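K.L.:
Dumping the structure here so I can ask a few things about it.
Read-outs throughout are calculated quantities, based only on the coordinates presented, and are distinct from any laboratory measurement. Fair warning: this is a prediction, and the values are worked out from it, not measured in the lab. Please note: Cβ atoms are built from the backbone with ideal geometry, for glycine as well, and neighbour counts cover all protein chains shown.
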Amino acid sequence: MAAASGSRTSTVIKFLDFTSGIAVNSTGHCHPDVVKAIQDQCAQLIHMSGTDFYYEQMPALAERLSAIAPMPGPHRVYYGNSGAEAVECALKLARSHTGRQQIISFFGSFHGRTMGALSLTGSKIQQKRGFAPFVPGVTHIQYPNAYRDCNAALPTEEILGFACARFIEEKLFKTTLPPEDVAAIILEPIQGEGGYIIAPNIFLQEIRRICDRHGILLIADEVQSGAGRTGKWWAIEHSGVQPDIVCIAKGIASGMPLGICMTRAELMDWLPGSHASTFGGNPISIAAALATIDILEWEGLQNATTVGTSMLTRLKTWVEKYRNVGDARGRGLMIAIELVEGKETRNPIPKLRDQIVHLAFQHGLLLLGCGETSIRLCPSLLVCKQDADIALNILEECIQLATADLQ
């Protein structure tokens, strides 16, 4: 890649980018306000480690984050460099604050590739192959996938979601995991790498109630789903659930490295030196984040809702139109279609998914897979409807080409 602007990138040819660098470039490539904020900051101060010295940008961003937090304040904030670092902080903090060791995570989850975050991850086996032993004390359980898991016994996503949450108290806490040993439950309100799977509201609400009953902290990993991607600042807000800790990265700084762990203030009670980062919260990344928040407030949140709704409405018609499109789902501009062998079996067909992604590349559209057999669409939150329509036209043509021999 040689250059990029907005939703378009270029090498020798131009591409329409519906990956956003894995949902990172929330304001598009090289938004002029972000570029100016970075350039201005570079001329003033590039680095002075915030672990030892104070600079005003750190509390300035913390104040902005506190104002849009998914839980009531006051808050405390840790700055790192990535989503994985934000998760590592949350893991350590949960254990430190509660004095407990056990963590509950979910199959299909992705929380990062550093050792603690990887131990929480339950997405793909290759991410864990060869790296054991992992951090002990992690239990994975089922995450509700309405398209895959609803059946005669669990006929709706609400019933499924409630059953998945109830498993914790009705089975786990009665057999293998004492609730008084559990420090936290960590989840993605919408699983990212797991396939853009949207958690039913009742699932999140019951998880919150379980946490409250047993003194367990609820960690929302909003690394991919946060920073306005779903049309709200945080995906968990769609459910009305308030977490205790939220992990933030990717789109919060429009491509600059920044990871954030934000908590209710009373939780971050560890002593100075317990956790820190040399580069975390450097002035340039914070300047980019402040500019990003401004842009998303002005137009990004509303645009994500408007354009995302338009895209999803069209994509849902493909479920009836194409035998191999099994599902279309999403919130805001966090959207996926799931490819299957056929509607009857719903068997995954990852080779077809990969073929469509490759064909789209050949036709000038950048896409990424997610889960076992899905394609994600996560463009800039400022993408215009015209570009969205062009992208869907290309994707539909690629589906037709790839499935022509399967009919």
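K.L.:
How charged is the neighbourhood of residue 351? Take every other residue with its Cβ under 15 Å from the Cβ of residue 351, and add Lys/Arg as +1 and Asp/Glu as -1. Spell out each step's value before the answer.
P.N.:
Working: positive: 353; negative: 338, 341, 354, 372, 405.
That sum, taken over residues with Cβ under 15 Å, equals -4.
K.L.:
Now for a separate question. In segment 102-141, which trypsin sites (Lys or Arg not before Pro) are in a loop and have at most 14 other Cβ atoms within 10 Å, using DSSP for the loop call? Before the final figure, lay out the partial values.
P.N.:
On the way: sites: 113, 124, 128, 129; in loops: 113, 124, 128, 129.
Sites meeting the loop and neighbour criteria: 113, 124, 129.
K.L.:
Please report, in whole Å, how far the alpha carbons of segment 1-160 spread along each principal axis, starting with the longest.
P.N.:
Principal extents (Cα only, largest first): 59, 47, 38 Å.
K.L.:
Another one. Strictly over 24 Å apart at the Cα level, which of 92/128; 128/250; 14/385; 128/351; 128/171; 316/343 would you flag in this model?
P.N.:
On the way: 92/128 20 Å; 128/250 22 Å; 14/385 18 Å; 128/351 22 Å; 128/171 26 Å; 316/343 14 Å.
The answer is 128/171.
K.L.:
What residue among 216, 252, 349 shows peak mean-square fluctuation when the chain is described by a Gaussian network model with Cα springs under 10 Å?
P.N.:
349
K.L.:
Same structure again: With r as the distance between the Cβ atoms of residue 114 and residue 270 and R0 = 22 Å, compute the FRET efficiency 1/(1 + (r/R0)^6) and round to 0.05. Before the final figure, lay out each step's value.
P.N.:
Working: r = 19 Å, r/R0 = 0.87.
Step by step, r from the Cβ atoms, then E = 0.70.
K.L.:
Quick one: divide the alpha-carbon radius of gyration of segment 244-346 by 2.2 N^0.38 Å and tell me what you get. Intermediate results must be reported in sequence, preceding the final value.
P.N.:
On the way: Rg = 19.9 Å, N = 103, 2.2 N^0.38 = 12.8 Å.
The value comes to 1.56.
K.L.:
If you take the square roots of the eigenvalues of the alpha-carbon gyration tensor of segment 314-382 and sort them as a ≥ b ≥ c, do you get rounded (a/c under 1.5), prolate (a/b over b/c) or oblate?
P.N.:
Working: a/c = 1.83, a/b = 1.29, b/c = 1.42.
Oblate shape, in that a/c is at least 1.5 and b/c is the bigger or equal ratio.
K.L.:
In Å and whole numbers, how far do the C-alpha atoms of segment 32-296 stretch along each principal axis, longest first?
P.N.:
Taking the Cα atoms of segment 32-296, the three principal extents are 62, 39, 36 Å.
K.L.:
Using 1/(1 + (r/R0)^6) with R0 = 25 angstrom and r between the beta carbons of residue 166 and residue 127, what's the FRET efficiency to the nearest 0.05?
P.N.:
Numbers: r = 29 Å, r/R0 = 1.15.
Calculated transfer efficiency: 0.30.
K.L.:
Now, a different point. Given labels modelled 7 Å from the Cα in the Cβ direction, how far is it in nm from residue 314 to residue 212?
P.N.:
Using points 7 Å along Cα→Cβ, the separation is 4.2 nm.
K.L.:
Farthest toward the dipole's positive end in the chain, which of 191, 93, 37, given Cβ charges of +1 (Lys, Arg) and -1 (Asp, Glu) about the Cα centre?
P.N.:
Comparing the listed Cα positions along the dipole, 191 ranks first.
K.L.:
Obtain the nm distance between the two label points defined at residue 52 and residue 40 by a simple spin-label model: each point lies 7 Å from its Cα along the Cα-to-C-beta direction.
P.N.:
The two pseudo-label positions are separated by 2.9 nm.
K.L.:
Oh, and also: Could you tell me which residue out of 348, 210, 145 lies farthest along the dipole of the chain toward its positive end? Charges go on the beta carbon: Lys and Arg +1, Asp and Glu -1, centred on the Cα centre.
P.N.:
The residue sitting farthest along the positive end of the dipole is 348.
K.L.:
Here is a follow-up. Lys/Arg Cβ at +1, Asp/Glu Cβ at -1, dipole of segment 32-296 taken about the Cα centre: which of 201, 234, 103 is farthest positive-ward?
P.N.:
After comparing all options, I get 103.
K.L.:
While we're here: Quickly work out the residue 358-to-residue 345 label distance, labels modelled 7 Å from Cα along the C-beta direction, and quote it in nm with one decimal.
P.N.:
Placing both labels 7 Å along Cα→Cβ, they lie 2.2 nm apart.
K.L.:
With a cut-off of 8 Å between alpha carbons and a minimum separation of six or more residues, what is the relative contact order of segment 187-335 in percent? Each step should come with its number before you reach the end.
P.N.:
On the way: 210 pairs, mean separation 34.4, N = 149.
Computed over segment 187-335, the figure is 23 percent.
K.L.:
On to the next question. Compare 309, 114, 139 in a GNM of the chain, Cα atoms joined below 10 Å, and give the one with the largest fluctuation.
P.N.:
Taking springs between Cα atoms under 10 Å, the residue moving most is 114.
K.L.:
Antiparallel versus total DSSP beta bridges in the chain: what percent is that, nearest 5? Write down the numbers at each step before the final one.
P.N.:
Values: 33 of 49 bridges.
In the chain, approximately 65 percent of DSSP beta bridges are antiparallel ones.
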